[in-house]
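Notes follow the structure.
The values are calculated or read from the model by the stated rules, or taken from the named source; none is laboratory data. None of these values were measured; they are calculated from a predicted model. Counting neighbours? That spans all protein chains shown, and the Cβs are built from the backbone with ideal geometry, glycine included.
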Amino acid sequence: MRDDRGIVTVAPSQIREAALTRFVFDDLTVDQMMGMADGLLRAGQYDLAQKLYGALQKVTEGRKADVVMRRGLASNPRRQTPIYLDLLDALKPYNGSAFVSEGLATWNKILPFFHDPRFSTLVTRHAHLLPIPNWHWNLQTIAWAARQAEHVPGDFMELGVFRGHTTLFAADYLGFADWPKTWWLYDTFEGIPEDQLDKGWEGPNKITYGGTYSFEEVRDRFEPFPNIRVVQGRVPEILAEQAPEQIAFLHMDLNNATAEIAALDALFDRISPGGVIVFDDYCWQASRIQHEAEKAWFAARGLQILPLPTGQGVFVKGAGG
Ligand SMILES: C[S@@+](CC[C@H](N)C(=O)[O-])C[C@H]1O[C@@H](n2cnc3c(N)ncnc32)[C@H](O)[C@@H]1O
């Protein structure tokens, strides 16, 4: 629509990429461009929003975190995307220290990953492999835990791989291909077995981890890492056939209590002193059954998992086991 001053107003849903390239923007401020990109995101024009945020990222060094997070929302759209955008808007006064992702908003905090260009680049590069936006805090936990376990005797494991996002990020970031260790990855590559589904968590799991992925796809993805082994099989049964004798790091991400508890029964004694377990879903509302089961499993041994606001839980094995 054109008003009497000749200004044309276009609803975001009407903007098409071809049309966008014919526009000439004169004296457009960063805020105006952000407003346009946000409008496109709210209207469900994710590709265009991503491109605009991408362009903004190059010219907004002072607002990098804000733009990167909005771009993250556009690359992994979800039902909750407008809520995340509202949160980012509300946190604007905390520019540079505000962070919003799935189930987590922080402000007035140092965001170390935004000061680590390699970390930021790799998060963006691998983001399409996980259907959740802005996983920086969670990946930071994994990178820390893996580094912590570098000189602990034993191999690395991940139970629950999906498309390989987390391990690929960490292996890339840490240069794992040169480490004298093997990283063992286990998945059915067919989703959670029907008899292991936790009540109340089936719905979110199907929405978030549905779709098609395969053993072959994930195996090929890890080809640049000769020391990463992708194993297809059901936990816990597969662990009796193929598993390392000694473990330094275990990322537990099976999204069901039955398999995770059975894995603890099978593997805990193989974890070396100083070895680290990261539970991906220790404190999400949806994973309450698993949370209670794992808390009780550790309490029975006089031990505790540290709950993190990311939803993860961390356990470091002491000298006494
Ligand atoms: C949350 S996803 C893993 C996400 C992955 N860790 C990442 O960061 O990208 C959970 C995965 O666990 C797998 N899984 C669930 N129960 C399993 C079991 N009993 N044995 C093997 N894999 C299982 C599912 O197939 C699914 O791919």
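Out of Arg79, Arg71, which single residue is charged (D, E, K, R) and not in a helix (DSSP H, G or I)?
Values: Arg71 fails: not in a helix (DSSP H, G or I).
Only one candidate passes the filter, namely Arg79.
Given Thr208, Thr188, Thr182, Thr258, which one is more than 11 Å from the ligand (Cβ to nearest atom) and among the hydroxyl-bearing types (Ser, Thr, Tyr)? It would help to see each step written out before you state the result.
Numbers: Thr208 fails: more than 11 Å from the ligand (Cβ to nearest atom); Thr188 fails: more than 11 Å from the ligand (Cβ to nearest atom); Thr258 fails: more than 11 Å from the ligand (Cβ to nearest atom).
It is Thr182.
Quick one: His291 ticks every box in (1) surrounded by fewer than 17 Cβ atoms within 10 Å (Cβ to Cβ); (2) free of Cβ contacts under 8 Å to residues at least 24 places away in the same chain; (3) more than 14 Å from the ligand (Cβ to nearest atom) except a single one, so which number is it?
Unmet for His291, out of (1) surrounded by fewer than 17 Cβ atoms within 10 Å (Cβ to Cβ); (2) free of Cβ contacts under 8 Å to residues at least 24 places away in the same chain; (3) more than 14 Å from the ligand (Cβ to nearest atom): (1).
Quick one: in region 226-241, which of the residues that are assigned to a strand (DSSP E or B) and touching a strand residue (DSSP E or B) at 6+ places or on another chain (Cβ under 6 Å) is surrounded by the fewest Cβ atoms within 10 Å (Cβ to Cβ)?
Step one: list which residues in region 226-241 are assigned to a strand (DSSP E or B), which gives 228-232.
Adding the requirement that they be touching a strand residue (DSSP E or B) at 6+ places or on another chain (Cβ under 6 Å) leaves 228-231.
Values: Ile228: 23, Arg229: 17, Val230: 24, Val231: 19.
The selected residue is Arg229.
Mind checking which pairs have a first residue in region 150-170 that is in the same structural domain as Met252 (by TED's automatic domain parsing) and a second that is within 7 Å of the ligand (Cβ to nearest atom) and aliphatic (A, V, I, L, M), Cβ under 6 Å, 6 or more apart or different chains?
Leu159/Val235; Leu159/Leu254; Gly160/Leu254; Arg163/Leu129; His165/Leu129; His165/Leu130
Just give me the residues in region 261-274 being more than 15 Å from the ligand (Cβ to nearest atom) and either surrounded by fewer than 24 Cβ atoms within 10 Å (Cβ to Cβ) or not assigned by TED's automatic domain parsing to the domain that holds Gln196 (or both), in sequence order. Lay out the reasoning, then the answer.
First, the residues of region 261-274 that are more than 15 Å from the ligand (Cβ to nearest atom): 268-274.
Within region 261-274, Phe268, Asp269, Arg270, Ser272, Pro273, Gly274 meet the criteria.
Yes or no: Glu217 of a type in the set (D, E, K, R), free of Cβ contacts under 8 Å to residues at least 60 places away in the same chain and within 13 Å of the ligand (Cβ to nearest atom)?
yes
Could you figure out which of (1) closer than 21 Å to Arg219 by Cα; (2) assigned to a strand (DSSP E or B); (3) not acidic (Asp, Glu) isn't true of Val100?
Result: Val100 passes all but (1).
Test Trp297 against the stated conditions and say whether it is aromatic (Phe, Trp, Tyr), away from the ligand (no atom under 14 Å from the Cβ) and closer than 15 Å to Asn256 by Cβ.
On the way: aromatic (Phe, Trp, Tyr): yes; away from the ligand (no atom under 14 Å from the Cβ): yes; closer than 15 Å to Asn256 by Cβ: yes.
Answer is yes for this residue.
Scan region 232-252 residue by residue and report those that are farther than 24 Å from Arg125 by Cα and near the ligand (Cβ under 10 Å from one of its atoms).
Gln232, Gly233, Arg234, Val235, Pro236, Glu237, Ile238, Leu239
When you go through Thr182, Thr208, Thr258, Thr212 one by one, which is the residue that is at negative phi and touching a strand residue (DSSP E or B) at 6+ places or on another chain (Cβ under 8 Å)?
On the way: Thr208 fails: touching a strand residue (DSSP E or B) at 6+ places or on another chain (Cβ under 8 Å); Thr258 fails: touching a strand residue (DSSP E or B) at 6+ places or on another chain (Cβ under 8 Å); Thr212 fails: touching a strand residue (DSSP E or B) at 6+ places or on another chain (Cβ under 8 Å).
Result of the check over Thr182, Thr208, Thr258, Thr212: Thr182.
Please determine, by comparing only the residues of region 125-157 that are surrounded by fewer than 16 Cβ atoms within 10 Å (Cβ to Cβ) and assigned to a helix (DSSP H, G or I), which one is nearest to the ligand (Cβ to nearest atom).
His128
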